[in-house]
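Read through the structure below, which is laid out as structure tokens, and then see the notes.
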Amino acid sequence: MTSELTPQEAARVALRAGLPLGDGRHEGVALTANYIHSVISTLRELDFGETPPASSYRAGQGNADATV
């Protein structure tokens, strides 16, 4: 498991990407990045089994008879 992004690391990475952050934004960006990372980590753990990728879905095809 990777460690969480610190505000200082967030500032450094943003600057390296050409997106300098104001002094008051480092902590918020780090918190947001860590949250996004935790969500993506959770999604990666899901077992989709035989579910086809979204690129194989064709809108308008298939059975449109849905009962609620």
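Since every read-out is calculated from the coordinates, none of them should be taken as a lab result. Keep in mind that what you see is a predicted model, and the values were worked out from it rather than measured. Note: ideal-geometry Cβ built from the backbone for every residue, glycine included; neighbour counts use all protein chains shown.
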Q.
Show me the ranking of peptides 14-25, 38-49 by mean Cβ neighbours inside 10 Å, starting with the highest.
A. 14-25, 38-49
Q: Tell me the label-point distance for the pair residue 12, residue 41, using the 7 Å Cα-to-Cβ offset, in nm and rounded to one decimal.
A: 2.0 nm
